[in-house]
Amino acid sequence: MTADSTFGGGRPGWLGGLDHVRNVVRQELISRQLDQHLPQPPARVLDVGAGQGTQSIRLARLGHQVVAVEPDPEMRAAFQAALSAEPAEVAGRVTLRDASVTDLAAAAFGEIYDTVLLLGVLMYLPASRPVIAELAARVAPGGFLAVAARTVTSALWRPAARQDWQAALAAFDEYDRARAEARDMRYVNEIGAPARADDLGALTAVAAGYGLRLETWYGVRIAVDQGELDPPPPSDPRELAALLDVEERLGATDPYRQLGQLAHLILRKAPVGRRLQTIDAERRFPESRPVRGPMGRTVRWRRPPARPCLRSFPDRLGRMCGRLAGFGSGSRSTARRARRPHRRLGEVGEELMALGIYFSPASMTAAQYDEIIARLDAAGAGQPRGRLYHTCFGTGTELQIFDIWESQEAFDRFGVTLLPILGDIGLDPGRPTVEPVHNLIPG
Ligand SMILES: C[S@@+](CC[C@H](N)C(=O)[O-])C[C@H]1O[C@@H](n2cnc3c(N)ncnc32)[C@H](O)[C@@H]1O
């Protein structure tokens, strides 16, 4: 078990309840909801925290190619036991790896996937943001990340629904404390494991910051969860079918889905080639004009500013602006950028999330920065495709970077060139802050 997970204490309860009504409803509902979004087989699926393998094996039966990642040896043993009961053809489509979500690069074979699953795992991990960041990088353009997470709403509602008034008040106290301390709400779950609840809006915003747009979300387990007991499912097949159909309808309908014990989010990455909506040149920049872009596509470029550019100021301010525009006074890139009359703002019409990306390294000097720019220029990545805006600011050893990127994929592509350069000169960029761009007004 990984040191950062709280699942271990709940493992016996989890394994012991696999054939009880809660898990039966949960797995069937998640299956039905996923099926509405999955591509035709064979898709590439990464199931992170795959546990006993219920979803991995089901997807392999449908013809998908599954890489399942599971750090807990007992859970892997349960998975292997289930897999060995499958026909060779199905088992052959599943690769089970020992790894944690915090350690995915090797386990995921450095690949990207059409569908990435994180089902019932997030609540056992200390924070959602780094996990979403890690998994977003594994989702192929046009693919999706499915996350089943415990929400604050359900953590508050469950004890009240069971008429356990003391527990309900204690949950509200914890909710208040968590808000006052600006942290996530904690609780102990049904299988006795300490767990963490996510705020649905905050989780969605974090995902958007990594280029994953909320396509839809479902509630999972609404009506069957009111009692303390977790009995076997109804033995009458018609009753069970009706129960599952009712849960499915509740899980897709407001306000009932809000009360689901899990929220199942479908977070979609934009396909390659989709374009900016955030920066709608026609609406925000009436002076812009369409021109022929790469590969004959129509794009919009902004006219050069009518007023003098700061770069032309003659004095200290002018030099400073020269550095701002060209990243190093007198450098080749300054001269090249100074000659470039128009700046691309983004294409019009389709939907894609532009990202603001802020780096605040522990230490970066002007000399280091200029060296990075020179090496990027030399590698042909001085003006990377998909970067809409770049600035370096600060003084002394505290230079920082703020960029705007058309998409996470464009930024990731640039990282392939940038990261070895940073490694080479021994500069640790730290973890960037990534948020969706709300607006951009040049000038
Ligand atoms: C409640 S089970 C869910 C299993 C499966 N995803 C499902 O929905 O049936 C939670 C799983 O998350 C796994 N897990 C916990 N911490 C993890 C981590 N850091 N990385 C990957 N998986 C983790 C646990 O070992 C466990 O198998």
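Does the stretch 178-201 hold any residues that are basic (Lys, Arg) and in contact (Cβ under 8 Å) with a residue 60 or more places away in the chain, and which are they?
Looking only at the stretch 178-201, we keep the residues that are basic (Lys, Arg), and these are 179, 183, 186, 196.
196 - this is the single residue of the stretch 178-201 that is basic (Lys, Arg) and in contact (Cβ under 8 Å) with a residue 60 or more places away in the chain.
What's the total number of residues in the stretch 207-247 that are farther than 26 Å from residue 128 by Cβ and of a type in the set (Asp, Glu)?
Final tally of qualifying residues: 5.
Give me a count of the residues in the stretch 162-185 that are under 16 Å from residue 259 (Cα atoms) and either outside the structural domain of residue 199 (by TED's automatic domain parsing) or touching a helix residue (DSSP H, G or I) at 6+ places or on another chain (Cβ under 7 Å) (or both). Give the steps one after another, and end with the answer.
Looking only at the stretch 162-185, we keep the residues that are under 16 Å from residue 259 (Cα atoms), and these are 162-163, 168, 171-172.
Those left that are additionally either outside the structural domain of residue 199 (by TED's automatic domain parsing) or touching a helix residue (DSSP H, G or I) at 6+ places or on another chain (Cβ under 7 Å) (or both): 168, 171-172.
Count: 3.
Out of 95, 102, 153, 115, report the one residue that is surrounded by 21 or more Cβ atoms within 10 Å (Cβ to Cβ) and of a type in the set (Ser, Thr, Tyr). Explain how you work it out, then say what you get.
Working: 95 fails: surrounded by 21 or more Cβ atoms within 10 Å (Cβ to Cβ); 102 fails: surrounded by 21 or more Cβ atoms within 10 Å (Cβ to Cβ); 153 fails: surrounded by 21 or more Cβ atoms within 10 Å (Cβ to Cβ).
Result of the check over 95, 102, 153, 115: 115.
Please state which one of 139, 131 is buried (at least 19 other Cβ atoms within 10 Å of the Cβ), away from the ligand (no atom under 16 Å from the Cβ) and under 14 Å from residue 48 (Cβ atoms).
139
Given 13, 53, which one is at pLDDT below 95, in the same structural domain as residue 141 (by TED's automatic domain parsing) and within 12 Å of the ligand (Cβ to nearest atom)? Break it down stepwise before answering.
Details: 53 fails: at pLDDT below 95.
Exactly one residue qualifies, and that residue is 13.
Considering only residues of the stretch 21-50 that are surrounded by fewer than 16 Cβ atoms within 10 Å (Cβ to Cβ) and not in a helix (DSSP H, G or I), which is farthest from the ligand (Cβ to nearest atom)?
Result: 40.
For the stretch 58-127, which fully contained helices (runs of 4 or more DSSP H) count at least 3 residues that are within 12 Å of the ligand (Cβ to nearest atom)? Reasoning before the result, please.
Numbers: elements: 73-84, 88-91, 104-107.
Per the criteria, 73-84.
Would you confirm whether any residue within the stretch 423-433 is in a helix (DSSP H, G or I), at pLDDT below 80 and not small (Gly, Ala, Ser)?
At the first step, the residues of the stretch 423-433 found to be in a helix (DSSP H, G or I) are 423-425.
With the extra rule that they be at pLDDT below 80, the set shrinks to 423-425.
Among the residues that remain, those that are also not small (Gly, Ala, Ser) are: 424-425.
Yes, because at least one residue in the stretch 423-433 is in a helix (DSSP H, G or I), at pLDDT below 80 and not small (Gly, Ala, Ser).
The values are calculated or read from the model by the stated rules, or taken from the named source; none is laboratory data. These numbers come from a predicted model, not from an experiment. With ideal geometry, Cβ positions are generated from the backbone for all residues, glycine too; neighbour counts draw on all protein chains shown.
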